[in-house]
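Colleague: Mind having a look at this structure? Questions to follow.
Just so it is clear, none of the values below were taken in a lab; they were calculated from the coordinates. Please read these numbers as outputs of a predicted model, since none were measured by experiment. Cβ placement follows ideal geometry from the backbone for every residue including glycine, while neighbour counts extend to all protein chains displayed.
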Amino acid sequence: MQWPLLEAVPEADVRRTLEMARRRVFARDEVVFHQDDPADTIHLIESGHFAVRASTRYGQRATLAILGAGEAFGELALLDPGAPRSATVVALESAVTHSIHQLDFNGLRQRHPETATVLIAILTAQVRRLSAQLLEALYAPAESRVRRRVAELARRYEPSAAGIVIPLRQEDLAELAGTSRGTVNRVLREEERRGTVRLSRGRTIVLDAERLLELAG
């Protein structure tokens, strides 16, 4: 497994870093850490998918991103150790990470300063993604957001003979699209009649992701 955050680091140092890391196994719906917890570790995803969720003081919740194998979360702990976590991270299925403490990663960064450049690039990409999602939430219809999120998720899961199975509940899709579960259900039912998806209990099977993107506009 290769992570972009470590792509500029020699293989021997990557191996030593992973030896220091704690391999963690998560069950579906298990919380890795909560929003406002102290930040002191970064997680490198080996397998499975995780939802990054933020809540307001009024109890409203939004899913900011879905992350999978080869990606990482908790990067802010490397730049601002001890600061509160900005979001809650939850496993969407059985998943595995390698958690690295901020002090251990700092040692790696001192030996390989280029790692800091990669970290900044990853954070910059996240800011751009969140900015695009904010504009979309303000100006794009909810139906378009649902179709776009489902099509994007289809790229994260492996295709099978039955199609691309997205094992997320409609509540999860609603949070990700910033809309209601009722809207998600209505849009997916329309797409099922159109033949781009097939619905099953607790999951959506994507049959034509490209068509979904076209319909999203």
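Colleague: Helix 114-139: angle to the longest alpha-carbon principal axis of the chain, degrees 0 to 90, nearest 10?
Modeller: Relative to the chain, helix 114-139 is tipped by roughly 20 degrees.
Colleague: Taking neighbour counts of Cβ atoms within 10 Å as a proxy for exposure, in what order, fewest first, do Leu153, Leu79 appear?
Modeller: Fewest to most other Cβ atoms nearby, the residues stand as Leu79, Leu153.
Colleague: More than 30 Å apart: what percent of Cα pairs in the chain qualify?
Modeller: In whole percent, the share of Cα-Cα pairs in the chain beyond 30 Å is 27.
Colleague: Continuing with the same structure: Calculated from DSSP H runs of 4 or more alone, at -39500 (n - 2.57) each and per residue, what is the 222 nm mean residue ellipticity of the chain, nearest 500?
Modeller: Result for the chain, helices only: -13000 deg cm²/dmol.
Colleague: Let me ask something else. Can you list residues whose amide H is under 5 Å from Leu92's amide H, if they're 5+ apart or on another chain and H is modeled 1.01 Å from N?
Modeller: Under 5 Å from the amide H of Leu92 lie the amide H atoms of Asp29, His49, Phe50, Ala51, each far enough along the sequence or on another chain.
Colleague: Any chance you could run the full-extension gain for Arg155 through Glu19? It's 0.36 nm times the residue separation minus the Cα-Cα distance, nm to one decimal.
Modeller: 45.9 nm
Colleague: Determine, from the Cβ-Cβ distance of Leu199 and Ser94 and an R0 of 22 Å, the FRET efficiency 1/(1 + (r/R0)^6), rounded to the nearest 0.05. Working shown, then result.
Modeller: Values: r = 23 Å, r/R0 = 1.02.
With R0 = 22 Å, the Cβ-Cβ based efficiency is 0.45.
Colleague: Turning to a different aspect of this structure: Taking the Cα centroid of region 71-87 and of region 148-185, what is the distance between the two, rounded to the nearest whole Å?
Modeller: 27
Colleague: Angle between the Cα long axis of helix 181-194 and the longest principal axis of the chain, 0 to 90 degrees, nearest 10?
Modeller: Once rounded, one gets 60 degrees.
Colleague: On a full-extension model of 0.36 nm per residue, what is the gain between Leu134 and Ile122, subtracting their alpha-carbon distance, rounded to one decimal in nm?
Modeller: That pair, Leu134 and Ile122, stretches by 2.5 nm at full extension.
Colleague: Test of understanding: ordering Tyr139, Tyr58 by Cβ neighbours within 10 Å, fewest first, what list do you get?
Modeller: Going from least to most buried by this count: Tyr58, Tyr139.
Colleague: 7 Å from Cα along Cα→Cβ at both Glu7 and Asp36: what's the point-to-point distance in nm?
Modeller: In this crude label model, Glu7 to Asp36 measures out at 3.7 nm.
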